[in-house]
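The values are calculated or read from the model by the stated rules, or taken from the named source; none is laboratory data. Note that this is a predicted model, so its numbers are computed, not measured. Here the Cβ is made from the backbone with ideal geometry for all residues, glycine too, and neighbour counts use every protein chain on show. Accessible surface areas use protein heavy atoms only, side chains included; no ligands, DNA or RNA. Shrake-Rupley method; radii C 1.70, N 1.55, O 1.52, S 1.80 Å.
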Amino acid sequence: MKSSKKYCKVINLISATDDKLVEISDKGLLSLTLKEMQTIKKYFVTLKRNPTDCELETIAQTWSEHCKHKTLTAKIKLKYKKGRKFVTKVYDNLLKDTIFYATKKINHKLCLSVFEDNAGIIKFDETDAVAFKVETHNHPTALEPYGGSSTGVGGVIRDIIGCGLGAKPIANTDVFCFGDISTVEQLPEGVFHPKRILKGVVNGVRDYGNRMGIPTVNGSIVFNKRYNYNPLVYCGCIGILPQDKVYKKISPEQLIILVGGRTGRDGIHGATFSSAALHNDLPTSVVQIGDAITEKMFLDVLLKARDLNLYNAITDCGAGGLSSACGELAMNYGCKIFLEKVPLKYLGLKPWEIWLSESQERMVVIVSKELKDEFIDICKKEDVEATVIGEITNTKKLEVFFREEKVCDIDMQFLHKGNPKFEFDIEIKFQKIKKYDKNLEISFGKSLVEIIKKVLSHPNVCSKEYVIQQYDYEVQGNTVLKPLISYTQQYSPQDSAILWPKKDSYKGIVISCGINSFYGEYDICSMTESVIDESIRNIISVGGNLEKIFLLDNFCWGEIQNDGQLSNLVLSCETAKNVAIYFGTPFISGKDSLNNYFLLKEKKVSIVPTLLISAIGIVDDIRKTISSEFKSFSNNVYIIGETKDELKGSVLYDILKKNDSKVPSLDYKNAKKIYKTFDKIKPYILSAHDCSDGGMITSLIEMTFGRNIGVEINLSKVDILLEFCFSESNSRFIVEISPDNKEIFENLLNREKVKFMYLGKTTMKPYVIIKYKNEIVCNEEIKNFYNLWSKGLNL
Amino acid sequence: MKYFIKIVNNNNLVDMFSLNEIHLQGFTKVQSVSKLKIYKILGKISKKEIEYICEKLLVDPIIERYYINKKEYLKNITRINIWFKPLVLDIVAQNVYKAIGYLNMKNYNLEVYSGTQVTIVPKINKKIAEQIIKKFFMNELIQTYEILK
Amino acid sequence: MLNVLLKKTKPVALVLRAPGTNCDFETLQALKITGFEVLSAHINDLISKKVSLSGFNLLVIPGGFSFGDYISAGKIFAVEILFKLKEELTKFFLDKNRIILGICNGFQVLVKIGLLPDETFVQKVTLTENDSGRFECRWVYLKVNKKNPSILKYLPDIIQIPVAHGEGKFFMSKDVEKDIINNEQILFQYCDEDGNTSCGYPLNPNGSLKNIAGITDKTGKIIALMPHPERFMYKEQFPCFRSYEINIIPFGKLFFETIRKIL
């Protein structure tokens, strides 16, 4: 390469000092550590030349935290005290040794492609497979709630369109974490009020998902003031594809075609930016706005082309733009790209800007030379732009040209595997658990009914119908368990969503999630156990089977350089591995978003560590699934599972401002027993609802809403009433059983030694009646509870 | 030629949600707030052709009316126009441009921009207007605003 | 009186797509199950004359967000059809043995082309933003007008179908209202489970005048509705299907089967 360049700059690296190396990374927003810069310098020293700005940017994007998960794949030496001794545990690669290890160990026969492609892919039936991916888009959302969240949805949908040879998106899931929407504190410059962020996000995700014609069927909204400066937006997408279209087939001499929208200066430095902190002077180009119609247009065309076998591989243009997309696809071969061929939105882009642009709604497709015309023709007919921009080679190099000048020439091996491994040495100091004060009488000057009302209207418990009904959850006609069900005008929330994608059989897909923002404040291991349990029990509760449940992990953590946060991450990964292996539910995909913190007057304010577990299950017969609303009166109501004194981090304690007791943890053996037994008692269950935020009393009352069927229960057997009602212990269900099946149901549970308790009966009278030791402690009309629950968000 | 088009809904609804939020955040002087769609079209095109575009494309003849280059009387109200910054995707404008092409009109080498006009009752001072606009109606990262005089 | 014509071949339906149409897949499935031969065509195919309307008995404009619903729902699609396919469309509906069906976005398009309520190609009514100010996805009860000229009057008195729209509020002037009522052009009205059409939100999810959910032209051959019948072809799609004592009739299937009867 010539040392004087016309279209790009040459960066003097080979003679740069360490200080200069750091300066180059900072100024260029490369987010590279000194060690990484030194490694790059060494590489170019062996090549006896300096890199161009294109090359440096390409390496920075490919080595970014977002693309490489450097922290999660780092080598970590962990020291902790076991009894009196110090023990050291070494993870060669944290992710590989925990999450991925669990999946390999379980070796589930339905897993087709895990942690390889853009999404996790599992077998659905004899001919088709299901793909699932969940991603976060936190930083852009904080900057521009509407644009950031809509591009988040667009991005994860593109991951599904770009997995295998292209999957058809059939459902979306969305989990949002917002700050305190009733806050009146003066927020720092550049931070939007949580309510504004909520509105922006709900609208952004709605407008994109609805336009794409993909039903949003499942999700969760969590409120916690710890997200005041950093909201979290997890966008998920599920797709379906034929099993013979699961693997990509790339070979040299195939053409690289760019499909979809044009390229502009949007979102440059998105991948490197996503791991930097939020502060005020960020360049405009970082924010992207989405255009769902362009994406819908190429989705229609690409599925057609896929079924005509017109292309051999596809991937989305996401973080890092073309540099990541082409780099990944051509990883084992090499490629030549001609940047002047890329259709632009406007003139004046430098080559590196074209190469790194994160303009939305673009896909990269690999097409054989002889099929190129047919492919481009199909696109043109529906006004979708498709342009040949390069080809796959066998040089094992990434070669990028702009007109006659070569602006980038890097070995694929160095680009993808050359980054120095991150290494961490950390020590964990366990906190002492506070003594539990077992004096939970109704002695707070409030009656049980008043507390129930406060819990039902708490933002983390109340109805989210304001959001759910703004998303079309019926489009495509596959939703056979809707997020909300009613016979009257009252809705009972459902634990999972069930899809019926192919009408020639009754097989279905179940989708659920588990998340909690309070537990992570106190006990990371229990938080991890609880959210995984939540996602699994939500699937079991609707009739799913433990043998066909698959998990996705999404870690959103605060400032990771702070030792405490990193050790929390390690503990969480280790716990996740153990739970997954015990239940036999493998992880099939995952992502992380680290460094969610805000610089408030030079101090780093982090979020609470938040792990989202998304789960997907396969059911054989959607007609045999269970919904949560009570079906009829004079039926028996039971609670299955054990309620313990686990109130720390509960909604009740958030209201009472207490933090003694302990965070709900997992009783592995009993939980597994319950889930396996559920399969046997399923045929007798008329309705079922899992117990989580707000305790068993919330679940019980939610079951009365749908058909306005009352319930009368007697809790006299219970020791401490408030604890029983509001503890958020894991692995529990409330079920409705016909009196005809009382014996067979109870016998089955007794035989399997599963703990359960008879609560009472459903009633025709639309009241919630609770008796406790000769007193009626609650005698409230369902509609009073419903009014508070449904208007909880007050939007 | 420069044309500024305003689309007014005959029902002219108050944006209650924003009004409540504005009050909650302490701006109690604000009596009402409403939004409407605005467009800017530049190019070699006559007023008659612009009227044609408004009638055939931009306006819903049953419930809306349009104004072109209307003179504003701002005695008791504050009006702010919000537009996208250059290079930010203005999807509505792109589609308006495309649709103008369907109207069988010749020579439509036009520039089209879309935006929002916020009307606040009563007239408030510039500083407060800016605060309200930035907090509730626009994002400085991708939009610009002009308080009408 | 049902005028049942015995046909030796299946009737043919065309589902018209634009960029942003997204209910076409399930609409095609619904038509196929009901016994139609189907073709899905992009509007470019019609404009380029690759596909001609003359070969079809039923033209369906399905739901979705054609052209993103930018400017207003269905407007750009309507403009494109009005300026490029007016002749073809006129020829199509002048043949009284043919039916035009608009579902959701299709209703918005037909109204903005000016084919409903009368085929003058001048817009007389509109569908605008829901009163609640947001998108509404819910199941509704519909009262069927037994005096409507279309064959759909033979549907049961009250049916249930899901709606999902942001601009479904039907609005018309008093003069137009008089005509529509005199000609019995109202086909469906939002109601409660007993058939009362005076109910408000949320049984009427958008605030439509006279709770109008669907109308036809004077002859009953141009039909349009906001709810989505293609989403209720199987009883398992009904929210409450797990209550076994309820006898569920997939009303969407009945809807398409009824249309099939006269083609």
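Across the stretch A:63-91, the number of residues qualifying as among the β-branched types (V, I, T) and more than 15 Å from A:I560 (Cα to Cα) comes to 3.
Here is a yes/no grid of residues against (1) without any contact (Cβ under 8 Å) to a residue 12 or more places away in the chain; (2) crowded, with 23+ Cβ neighbours inside 10 Å; (3) outside any helix (DSSP H, G or I); (4) of a type outside the set (F, W, Y):
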residue	(1), (2), (3), (4)
A:Y487	no, no, yes, no
A:K502	no, no, yes, yes
A:C525	no, no, no, yes
A:E529	no, yes, no, yes
A:S535	no, yes, no, yes
A:I540	no, yes, no, yes
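Looking only at residues of the stretch A:236-265 that are crowded, with 24+ Cβ neighbours inside 10 Å and part of a loop (DSSP other than H, G, I, E, B), we find that the one that is farthest from the other protein chains (Cβ to nearest Cβ) is A:Q254. Just to be sure, is C:F171 within 30 Å of C:Y70 (Cβ to Cβ) and touching a Ser or Thr at 6+ places or on another chain (Cβ under 6 Å)? Judged against the criteria, C:F171 is a match. Candidates B:L24, B:L19, B:L57: the one that is in contact with a helix residue (DSSP H, G or I) (Cβ under 6 Å, 6 or more places away or on another chain) and either surrounded by 18 or more Cβ atoms within 10 Å (Cβ to Cβ) or more than 20 Å from C:F77 (Cβ to Cβ) (or both) is B:L57.
Residues in the stretch B:93-119 that are of a type in the set (V, I, T) and in contact with a Lys or Arg (Cβ under 8 Å, 6 or more places away or on another chain) were compared, and the one that is farthest from the other protein chains (Cβ to nearest Cβ) is B:T119.
Where strands (runs of 3 or more DSSP E) fall wholly inside the stretch A:586-658, the ranges with 1 or more residues that are hydrophobic (A, V, I, L, M, F, W, C) and modelled with pLDDT of 95 or more are A:587-593, A:610-619, A:636-640. Go through the stretch C:66-88 and give me each residue that's in contact with an Asp or Glu (Cβ under 9 Å, 6 or more places away or on another chain) and away from chain B (no Cβ under 11 Å). None; the set is empty. Condition first: out of contact with any Leu (no Cβ under 7 Å at 6 or more places or on another chain) and of a type in the set (S, T, N, Q). Can you find one or more residues in the stretch A:677-686 that meet it? No: the stretch A:677-686 contains no residue that is out of contact with any Leu (no Cβ under 7 Å at 6 or more places or on another chain) and of a type in the set (S, T, N, Q). Among the residues of the stretch A:593-626, the ones that are open to solvent by less than 50 Å² (accessible area, probe 1.4 Å) and of a type in the set (D, E) come to 1 in all. Can we say B:L58 is modelled with pLDDT of 95 or more and within 14 Å of chain C (Cβ to nearest Cβ)? Against the criterion (modelled with pLDDT of 95 or more and within 14 Å of chain C (Cβ to nearest Cβ)), B:L58 qualifies. Among the residues of the stretch A:546-584, the ones that are out of contact with any Lys or Arg (no Cβ under 7 Å at 6 or more places or on another chain), open to solvent by 10 Å² or more (accessible area, probe 1.4 Å) and acidic (D, E) come to 3 in all.
Cβ-Cβ contacts under 8 Å between residues 6 or more apart (or on different chains), taken from a first residue in the stretch B:11-39 that is more than 10 Å from every other protein chain (Cβ to nearest Cβ) to a second residue that is outside any helix (DSSP H, G or I) and surrounded by fewer than 12 Cβ atoms within 10 Å (Cβ to Cβ), are listed as B:S34/B:N12.
Given the criteria assigned to a strand (DSSP E or B), out of contact with any strand residue (DSSP E or B) (no Cβ under 7 Å at 6 or more places or on another chain) and open to solvent by 10 Å² or more (accessible area, probe 1.4 Å), does A:K81 qualify?
yes
Taking the stretch A:182-214 as the range and being within 14 Å of chain C (Cβ to nearest Cβ) and not in a helix (DSSP H, G or I) as the test, the residues that pass are A:G213, A:I214.
From the residues in the stretch A:64-77 that are out of contact with any Phe, Trp or Tyr (no Cβ under 7 Å at 6 or more places or on another chain) and hydrophobic (A, V, I, L, M, F, W, C), which one is most open to solvent (accessible area, probe 1.4 Å)? Going through the qualifying residues, I end up with A:C67. Among the residues making up the stretch C:113-154, those that are under 14 Å from the mean Cα position of the chain (by Cα) and within 22 Å of C:T21 (Cα to Cα) are C:L115, C:L116, C:L127.
If you filter the stretch B:40-72 down to residues that are out of contact with any Gly (no Cβ under 8 Å at 6 or more places or on another chain) and assigned to a strand (DSSP E or B), you find that the one that is nearest to B:L13 (Cα to Cα) is B:E64. Cβ separations smaller than 9 Å between residues 6+ apart or across chains give the following pairs from the stretch A:669-680 residues that are free of Cβ contacts under 8 Å to residues at least 60 places away in the same chain to residues that are hydroxyl-bearing (S, T, Y) and in a helix (DSSP H, G or I): A:K669/A:Y582. Filtered by the rule that a residue be open to solvent by 20 Å² or more (accessible area, probe 1.4 Å) and either in contact with a helix residue (DSSP H, G or I) (Cβ under 9 Å, 6 or more places away or on another chain) or among the small types (G, A, S) (or both), the stretch A:319-345 gives A:A319, A:E328, A:M331, A:N332, A:Y333, A:E340, A:L344.
Listed here are the residues, each with its yes/no results for (1) at pLDDT 90 or above; (2) within 14 Å of another protein chain (Cβ to nearest Cβ); (3) surrounded by fewer than 16 Cβ atoms within 10 Å (Cβ to Cβ).
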| position | (1), (2), (3) |
| --- | --- |
| A:I410 | yes, no, no |
| A:Q413 | yes, no, yes |
| A:F430 | no, no, yes |
| A:K446 | no, no, yes |
| A:V455 | yes, no, no |
| A:S463 | yes, yes, no |
| A:Q469 | yes, yes, no |
| A:Q476 | yes, yes, no |
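Checking each residue in the stretch A:346-377 for being surrounded by fewer than 18 Cβ atoms within 10 Å (Cβ to Cβ) and in contact (Cβ under 8 Å) with a residue 12 or more places away in the chain picks out A:Y346, A:K350, A:S368, A:K369, A:L371, A:K372, A:E374.
Looking at A:N659, A:N635 in this structure, which one is among the polar types (S, T, N, Q), within 14 Å of chain C (Cβ to nearest Cβ) and more than 30 Å from A:K502 (Cα to Cα)?
A:N635
Those strands (runs of 3 or more DSSP E) of the stretch A:311-373 in which 2 or more residues are more than 22 Å from A:T395 (Cβ to Cβ) and within 24 Å of the chain's Cα centre (by Cα) occupy A:313-316, A:362-367.
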